[in-house]
Amino acid sequence: MITEPTTPVVQLRDVGKRYVKYEDSPMLVSGALRFRAGHRRTKLWAIRGVNLAVGRGETVGVVGRNGSGKSTLLRMLAGVTAPTEGIVTVRGRVAPLISVGVGFHAELTGRENVYVNGTVLGMSRQQIDDRFDEIVAFSEIADFIDTPVKFYSSGMFVRLGFAVAVAADPEVLLVDEVLAVGDLAFQIKCFNRMQEMQAAGTTIVVVSHNLNAIRNLCPRVLVVHDGEPRFEGPTDDAISVYHELLEQRRSTTAGGEPGGHVPGPVEITGFDLFGADGQPTAHVASGDKVTFRIRARFREAVASPYFSFVLANEAGVPVYVDSTFLLGSRGVGAGEERTCHVQVPLAVTTGSYSARGGVRYGPEQEEQIGSQSVLFYVAGRELVKGIADLGATFEVS
Amino acid sequence: MTRAAAGFELRGETRPLGALIADVWASRQLVAILARKEFFVRYRRASFGLLWAVGLPVIQAGVLAVVFTHVIRIHATTNYATFVFAGILPWTFFSSTISSATTSIVDGQDLATKIYFPRAIFPLVVVGSNLYGFVPSIAVLYLFALGFGSHLGVNVLLIVPAVVVMIALSTSFSLMVAPLHVYFRDVRYVMTAAIMVWFYATPVIYPLARAHGWLHRIVEINPATGMVELFRAASAGADHGWPVALAWTIGWTLAFSVGAALLHRRFDRVFVDLL
């Protein structure tokens, strides 16, 4: 399906970016005296060894957590910073859709800001004149176009910003977290507009940790982690890889977190997710009946422990909290182990989720110990939004 | 297409100077619109609006004229009010331009970290926006000159090279210090201090001929002196030594330009790393 283009529009060859980090910011006097090498500064590779080719009309996503190097990558694609090694080539005009509305001035009216921002994005005055009506129509703020933007709601601000950016009609569009803003209707409008641009041959690079947006727009995804490219390929595979990487990171850092190795009467020895097919996974479809397995070892005898389970969405909002409390529980002897299988039909919408298992114990159940979180991705039904997929049926008469 | 129509290729951090200059030239429309924005935003909320742009130097010159003719007596060749205004005008432009230009790249980081255009645009925008307020002040200068009875002849034509020299000096110096401030954030304070000293080292409130000996040498090689004297030559009348001072000014402008070119060539694409 993905054809290898002959001349990629965006190309990265062995690209790496190294930052010089000063331990204290350079001062004029001491800086001038600091000719000796390696004095109080460390060199740090933000990202290294990236190869990527994106053809005309292709859309590629880049995922990675904060600090993975994805913002540096984006900056290089925008031409804002140069690579330390390797070659970055962009054939055509780039418009960044990064924090739309950057450069908007609060005192200026919407109309004035359109001209300023349009010019910043590389449009000529003539082009802005020609597309002005289109921009206003798209942003849906015709009544306020001559009002200073400081009186705009954040939604209006974003709409106008997006409208200008897409009107710039770039060959390459860089999208950074933009779809997370605005109301739902406008998000769908933006999404449709980006699909039109894709169809018209615009090359799009989406950098995000909103996997929802990535999944909707990109057939191909590059995963960056700790400054290195880890995977490049079909989106679903990439998202699985991404979640595995997040998992690894958690388990390697587990020791530092409270609850990991604090010696208490109870120790959580495992917390794992198994898909509908019974295999360990980090990527499930909405509605799948998945199983979380909590394993605990009891160092001391505990009278009536119970298992708890918390599922939270990307924003950290608990979606589901439950426990075995009402089931009652028998005492557990010292040295014994228990396993609890939590079977959940994941009727939730698309997005990243985290789950934690735990054990509560003590005379009043006031003591508790939690597991590390398990992160996973749920692929939901297209266009279903909200927290839960309640699976409504619609009857139109 | 205004700029960067063909995209770009980045290998290494240094930019070829030719490409950089071409890019700056291609961005002239951007400079114009940003300068306009800067200027009008500055006075938008003020009731007297743009009058302030002209009013402030007039008030400053008025105060100095009163102080130096009635309190401390300095005898200038022509009317002192015109003499001071002819000096204040380019000096105010120069000093306010270089002090805002110093921090311009750092102040522009919201834009700079998102979108590429040559970073030289930021100081150029400062020069441009200050020009908006400057142009009407020239009319005020000649109203002063006429009102106080200066002899105006063909020397009035010197106002054109005077403005050119002022712009060139301010631009080259601004382009040179703005990159330095990205790396050394104390440059802005160094500039504030320097401007204070620089004002007295420039014959704004006293005639060039009044400085003697080693002080005269310093005032003469001062980059700003030639600029100020050229404005005098175009209005109130300059001192005899003004061509020498002007030669120094032009020399300095070239030196600043070379410094600016080297800095931007090396750091244009990596300023953002330190913002």
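Structure above, values below:
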{"read-out": "Residues that are closer than 15 Å to A:Val374 by Cβ and β-branched (Val, Ile, Thr), drawn from the stretch A:300-346", "value": "A:Val310, A:Val319, A:Val342, A:Val344"}
{"read-out": "Per-region count, the stretch A:121-135, residues open to solvent by less than 60 Å² (accessible area, probe 1.4 Å) and at the interface with another protein chain (Cβ under 8 Å from one of its Cβ atoms)", "value": "4"}
{"read-out": "Hits in the stretch A:100-120 (condition: touching a residue at least 24 places away in the same chain (Cβ under 8 Å) and either among the charged types (D, E, K, R) or at the interface with chain B (Cβ under 7 Å from one of its Cβ atoms) (or both))", "value": "A:Val102, A:His105, A:Glu107, A:Leu108, A:Arg111"}
{"read-out": "Subset of the stretch A:85-98 that is surrounded by fewer than 22 Cβ atoms within 10 Å (Cβ to Cβ) and more than 7 Å from chain B (Cβ to nearest Cβ) - its residue that is nearest to A:Met197 (Cα to Cα)", "value": "A:Gly86"}
{"read-out": "Checking B:Ala238 against (1) open to solvent by less than 10 Å² (accessible area, probe 1.4 Å); (2) not in a helix (DSSP H, G or I), the condition it does not meet", "value": "(1)"}
{"read-out": "Which numbered condition B:Tyr189 misses (of (1) touching a Leu at 6+ places or on another chain (Cβ under 7 Å); (2) within 14 Å of chain A (Cβ to nearest Cβ); (3) not β-branched (Val, Ile, Thr))", "value": "(1)"}
{"read-out": "Yes/no for A:Leu160 being open to solvent by less than 40 Å² (accessible area, probe 1.4 Å) and within 12 Å of chain B (Cβ to nearest Cβ)", "value": "no"}
{"read-out": "Residue ID - farthest from A:Val302 (Cα to Cα), chosen from residues in the stretch A:353-375 that are touching a helix residue (DSSP H, G or I) at 6+ places or on another chain (Cβ under 9 Å) and open to solvent by 20 Å² or more (accessible area, probe 1.4 Å)", "value": "A:Leu375"}
{"read-out": "Single residue of the stretch B:178-218 satisfying the filter (touching a Lys or Arg at 6+ places or on another chain (Cβ under 9 Å) and within 19 Å of B:Val165 (Cα to Cα)) that is surrounded by the fewest Cβ atoms within 10 Å (Cβ to Cβ)", "value": "B:Leu208"}
{"read-out": "Residue, modelled with the lowest pLDDT, within the stretch A:35-54, restricted to residues that are closer than 15 Å to A:Thr72 by Cβ and not β-branched (Val, Ile, Thr)", "value": "A:Lys43"}
{"read-out": "Among the residues listed as B:Leu230, B:Leu274, B:Leu246, B:Leu263, the single one being within 14 Å of chain A (Cβ to nearest Cβ) and in contact (Cβ under 8 Å) with a residue 40 or more places away in the chain", "value": "B:Leu274"}
{"read-out": "Cβ pairs under 6 Å, 6+ apart, first in the stretch B:201-213 and among the small types (Gly, Ala, Ser), second in a loop (DSSP other than H, G, I, E, B)", "value": "B:Ala201/B:Asn222; B:Ala209/B:Asp239"}
{"read-out": "Residue that is aromatic (Phe, Trp, Tyr) and either open to solvent by less than 20 Å² (accessible area, probe 1.4 Å) or under 25 Å from the mean Cα position of the chain (by Cα) (or both), where the choices are A:Phe151, A:Phe191, A:Phe138", "value": "A:Phe191"}
{"read-out": "Selection status of A:Ala392, free of Cβ contacts under 8 Å to residues at least 40 places away in the same chain and among the aliphatic types (A, V, I, L, M)", "value": "yes"}
{"read-out": "Among residues of the stretch A:217-268, those that are at pLDDT 75 or above and not aliphatic (A, V, I, L, M), counted", "value": "23"}
{"read-out": "Selection count where residues are open to solvent by less than 20 Å² (accessible area, probe 1.4 Å) and in contact with a Pro (Cβ under 9 Å, 6 or more places away or on another chain), scope the stretch B:142-164", "value": "1"}
{"read-out": "Tally, over the stretch A:267-284, of residues that are exposed (fewer than 13 other Cβ atoms within 10 Å of the Cβ) and within 23 Å of the chain's Cα centre (by Cα)", "value": "1"}
{"read-out": "Residue within the stretch B:206-227 that is of a type in the set (S, T, N, Q) and touching a Leu at 6+ places or on another chain (Cβ under 8 Å) present", "value": "yes"}
{"read-out": "Top-ranked residue in the stretch B:9-44 [being free of Cβ contacts under 8 Å to residues at least 60 places away in the same chain, more than 25 Å from the chain's Cα centre (by Cα) and within 11 Å of another protein chain (Cβ to nearest Cβ); ranked as nearest to B:Asp268 (Cα to Cα)]", "value": "B:Gly12"}
{"read-out": "Helices (runs of 4 or more DSSP H) contained entirely in the stretch B:59-141, each with at least 2 residues that are crowded, with 17+ Cβ neighbours inside 10 Å, within 14 Å of another protein chain (Cβ to nearest Cβ) and hydrophobic (A, V, I, L, M, F, W, C)", "value": "B:104-107, B:109-112"}
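One line per residue, one yes/no per condition, for (1) crowded, with 23+ Cβ neighbours inside 10 Å; (2) more than 12 Å from the chain's Cα centre (by Cα); (3) assigned to a helix (DSSP H, G or I); (4) of a type outside the set (Gly, Ala, Ser):
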residue	(1), (2), (3), (4)
A:Gly201	no, yes, no, no
A:Val205	yes, yes, no, yes
A:Ile214	yes, no, yes, yes
A:Leu222	yes, yes, no, yes
A:Pro229	no, yes, no, yes
A:Glu232	no, yes, no, yes
A:Asp237	no, yes, yes, yes
A:Ser240	no, yes, yes, no
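The values are calculated or read from the model by the stated rules, or taken from the named source; none is laboratory data. Since the structure is predicted, the reported quantities are computational estimates derived from the model, not experimental observations. All Cβ positions, even for glycine, are placed from backbone atoms using ideal geometry, and neighbour counts span all protein chains on display. These area figures cover heavy atoms from the full protein model, side chains too; ligands, DNA and RNA do not enter into them. Shrake-Rupley method; radii C 1.70, N 1.55, O 1.52, S 1.80 Å.
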